[in-house]
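For reference, the structure is listed below as structure tokens.
The values are calculated or read from the model by the stated rules, or taken from the named source; none is laboratory data. All figures in this text were calculated on a predicted structure; none of them were measured in a lab. Virtual Cβ from ideal backbone geometry, glycine too; neighbours counted across all protein chains shown. What goes into the accessible areas is simple: the full protein's heavy atoms, side chains included, and nothing from ligands, DNA or RNA. Shrake-Rupley method; radii C 1.70, N 1.55, O 1.52, S 1.80 Å.
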Amino acid sequence: MNRISFITAIILSLSLSTVLALASENQSARNFLEANSTFQKGNYEDALKQYAQLIEKHPGNGHLYYNQGNTYLRLGRLGAAIAAYRQGLVFLPRNQDLKANLTYARTLTKDDIKPVGAHPLVETLFFWHYFLNQHELVLALVVINMLFWLSMACRLYFRGQRMFHWLNVGTFGLILAFGASLLVHRVAPQTIALVNEPEIEVYAANRVDSVVRFKLHAGSEVAVIDENQNWLRIRLDKTQEGWLEKSKVALVHL
Amino acid sequence: MRRLAKIVPILVLCGMTNNAWAAGLTATIDKTHATLEDQLLLTLEVTGSSRSEPQLPALPDFVVQSRGQSSQVQIINGRMRSNVSFNYILTPKKSGQFMIGAARVEIDDEVHFSKPISIKISKPEAIPQQNRPAFVLAEVNNETPYVGEQVVYTFRFFRRVQIANAKLDLPTFDGFVIEDMGEQREYEIVRGGQKFIVTDVKKALFPQEAGIINIPAAVLNADIFMQNRKRRRRDMFDDFFGSARGQTQTKVLRTDAMVLRVKNLPVSTQKSSGLIGAFDIKATLTKSQLRAGESTTLEVIISGVGNIQQITKPTLPQIKGVKIYEDKTSQERSMNNDRLRGQKTFRWAVIPLEAGLLEIPKLTLHYFDVEAGTHLTKHSANFLLNVTPSGEKEELRLTTSQNTKSAKLSVEILGEDISPIHEEINVLNAPFASNYPMALWFLFFFSPPFLFFGLFLNNKRLNKSSAERDSQRQSKAAKKALKRVQEVTKAEVQNNIELSAQTASQLVRDYLGDKALLEGRALTTGDVSKLLQQQSIPQELIQTIQTFLELCDTLQYAGRQTAESSTLSKQLPELIKKIERHL
């Protein structure tokens, strides 16, 4: 009797969790459609709130960041729009809509600053790092890892077969490449700051009474190299550095 | 102490006196009576600690030019005095009595003013022109021109002395279109018995509207070398080259202002082309006999004297069955006897599309002849085109592009906007790493190596048991062989030579097979020999084993009984022990 009750309880709890998950999915879908409808009606402020709530529930969904970026752009908030697009590209690195809108948004910026990113040659050499998102990297790593150990097992039983030897070497190399890429994403992500206000001042030190070294305008992208309480140390190019107030920029971890 | 009390007030008083004497602003002028041709030098001297420029009073009747500043430090009786002088050149605009008001400067938070200066500016002396060292004149060749008629403005500079730094400011000629009449001309002339060098500057003016138009005075600034009227004895202070006989004066020479009364053109029944002067129109055609689809060029030249800039392209009338394409236009212009002369050439490519006799009509030019005082009309010649039929369908070539590549247009970007939002509901179900628990990824990643190590250990275990079996087989080979010697002995007792030889041979082979982990019974005598050689067995022992096995084979297959046939069982233990020692 006890065993029957236990099994019944397990089945009921599993069914309940499945039903709850489906209900949550349905609710998200409704919210998504509602947010899109709000956007299409031109009520961008409300659409922005709805997309933000959806992103809280689905933090790894690049499409939501894309829609959020469009909403910011319609509201004229250039820095936030570019930040949303760049965050979206982290999850959808090959999405052409995202790339096109990011390029368009960058044409609206005032400052003549090269966007933070790798050199095209580096992007070509380490293409898997820039053209695959983290999910794809993990998936690829798991599959290649399986192939590696399978080839190892084959070598136990088919001694002297060169094919398994080279398969072993090849898969090991791929594990190193994909593993290093994932490690860089996880352990040392590059942080960029996007100017979120019409104009901000970059100081020589992390104090407002220090010398203003230069000014940046909405949408400018700079690399963050240090952080100190409410201040960020940024690098404009190889020589220009300065401090800016954290509250005036949007941060994106690549 | 009492003596000190007397000295201190004196020192303080001296200091105050010094300060009061040091700070101040003084205005001086080089002459208080001048003519309109003269320039005056106004100097404002600031004494004291300030080096800031004083504020000049309003001087609407003068043109004021700054001429820099100079500073001076003086030490008199141990007391230092510094002053800064600011120099200004004043050029009078008109004659009369004028007051140069007080200039203002602030020194040590105290405002100081200069004293006003009264000056008198009179008209230049009524000296006959031939007696003057230099003078200027301006004239126009026509004071009552028609609208658009050319007027020649001439500025003349007469001089009979050396000049330097001449600077001419011509009037702006508001209400006129101006045409340059080339380089200035210089020549000599005798006037009133005096030889003058004359420089002419000419402009062609074309009035744009009827009415009274003023031409202001032209102004020439120049440094003129003036000779002293009275000769005096040279003294020792004159320089060697005798500069004491004359001096350089900066003079401002002005022409008289002029007034032009510009008349409207007389009313005409024809539409005015705006051309005023004397003009002509001519037309030529490169060929009048051609086939349909061929091209001929019509050239129209409008030339004349007057406002040639007003020449516009004549309008060709539509001719049925003829296509007309505009060709390039060229222009020539020159000055001849102070009159602007030139021509414009217009060209058209004329292509008849059908055979027949076609007429290119005459073209008409209307203009106003100044000398005749009336509107005139001139015509070009008309032409007849004799067009013969074409062998080809030329019409088609005319309407298709000759160069298909150039016909392509580059895509013009008309507007920019962002791509629309993603609205498909399935984007919410897109797979992302964060959708799956980390433990699942770890399970997928680390389970293959675990499985591999399981397989590895199992494989190792299997290998180990196989080796143990081989080792036991090798170690028990001798014992097993010696045990079987009894079977050979038994066969010998039964006098079964063949069986004893067969058993002995199999025994040795099995023994060697066990030792080498091979199937012993399959070994031939040759195989045994090779096997033993590989195991580094002495050649003598190999020979012994080989001889023994050959004996066994002989006894087994020949069946002959020899002395040795009953000793196999005795040889075997000894032979196995010998082999055992070396394996």
Can you tell me the FRET efficiency between B:Asn336 and A:Met146 if r is taken as the Cβ-Cβ distance and R0 is 60 Å, rounded to the nearest 0.05? 0.05
Taking the Cα centroid of region A:154-169 and of region A:217-254, what is the distance between the two, rounded to the nearest whole Å? 51
If the label point is 7 Å along Cα→Cβ of A:Gln190, which residues in region A:45-74 have backbone nitrogen under 19 Å from it? none
Run the reach check for B:Lys530 against lysines, Cα to Cα strictly under 29 Å, same-chain hits fewer than 8 apart removed. What comes back? B:Lys464, B:Lys476, B:Lys479, B:Lys480, B:Lys483, B:Lys515, B:Lys570, B:Lys577, B:Lys578
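Cα convex hull of region A:153-201: how many Å³ per residue?
97
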Using only alpha carbon pairs under 8 Å that are at least six residues apart, calculate the relative contact order of region A:115-246 and give it in whole percent. 19
Nearest-10 value in Å² for the accessible area of B:Ile579, using the 1.4 Å probe: 0
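Determine one quarter of the surface area of the Cα convex hull of the protein assembly as shown, which equals its mean projected area, and express it in nm² to one decimal.
On the way: hull surface 422.6 nm².
If you wrap the Cα atoms of the protein assembly as shown in a convex hull and average its projections, you get 105.6 nm².
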Can you pull the one-decimal nm distance between simple spin-label points at B:Arg185 and B:Phe442, each 7 Å off the Cα toward Cβ? 10.6
The farthest towards the positive end of the charge dipole of region A:2-107, of the residues A:Leu64, A:Gly76, A:Leu33, given +1 on Cβ of Lys and Arg and -1 on Cβ of Asp and Glu, is A:Gly76
Viscosity 1.567 mPa s, temperature 4 °C: give me the Stokes-Einstein translational D for region B:476-582 in µm²/s, with Rh taken as the Kirkwood radius over C-alpha pairs. 95
Sorted from largest down, give the three principal axis spans of the alpha carbons of region A:191-253, whole angstrom values. 27, 24, 23
Taking a temperature of 4 °C and a viscosity of 1.567 mPa s, what whole-number D in µm²/s does Stokes-Einstein yield for region B:100-214 with Rh from Kirkwood over alpha carbon pairs? 71
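Could you work out the relative contact order of chain A? I mean the mean sequence separation of Cα pairs under 8 Å and 6+ apart, divided by the number of residues, in percent.
Here the relative contact order equals 16 percent.
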So what is the 222 nm mean residue ellipticity for chain A from helices alone, if each DSSP H run of at least 4 adds -39500 (n - 2.57) and you divide by all residues, rounding to the nearest 500 deg cm²/dmol? -20000 deg cm²/dmol
Would you mind getting me the FRET efficiency between B:Glu540 and B:Gln474? Use the beta-carbon distance for r and R0 = 22 Å, nearest 0.05. 0.40
Run the quick spin-label model on A:Arg106 and B:Thr329: label points 7 Å from Cα toward the beta carbon, then report their separation in nm to one decimal. 4.8
Length-normalised contact order of region B:20-122, Cα under 8 Å, at least 6 apart, in percent, tallies to 36
Provide the solvent-accessible area of A:Glu241, counting protein heavy atoms only and rolling a 1.4 Å probe, rounded to the nearest 10 Å². 40
Note down the nm distance, to one decimal, between modelled labels 7 Å out along Cα→Cβ at A:Arg162 and at B:Ile178. 9.3
For region A:191-253, which whole percent of the accessible surface, found with a 1.4 angstrom probe, sits on carbon and sulfur atoms? 42
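Please compute the length gained on full extension between A:Ile7 and A:Arg74, using 0.36 nm multiplied by the number of residues separating them and subtracting their Cα-Cα distance.
Using 0.36 nm per residue and subtracting the Cα-Cα distance, I get 18.6 nm.
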Determine Rg/Rh for region A:2-107; Rg is computed over alpha-carbon atoms and Rh is the Kirkwood hydrodynamic estimate from the same atoms. 1.22
In angstroms, what radius of gyration and Dmax does region B:277-395 have, counting Cα atoms only? 16.9, 56
Largest-first principal axis extents of the Cα set of chain A (Å): 70, 55, 35
I'd like the distance between the alpha-carbon centres of region B:253-285 and region B:191-206, rounded to an integer number of Å. 26
If you take the beta carbon distance between B:Leu451 and B:Asn429 as r and set R0 to 30 Å, what does 1/(1 + (r/R0)^6) give as a FRET efficiency, to the nearest 0.05? 0.40
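Whole number in Å², please: accessible area per residue of chain A, 1.4 Å probe, ligands, DNA and RNA not counted.
57
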Any chance you could check the Cα centroid distance between region B:534-560 and region A:115-153 for me, in angstrom? 69
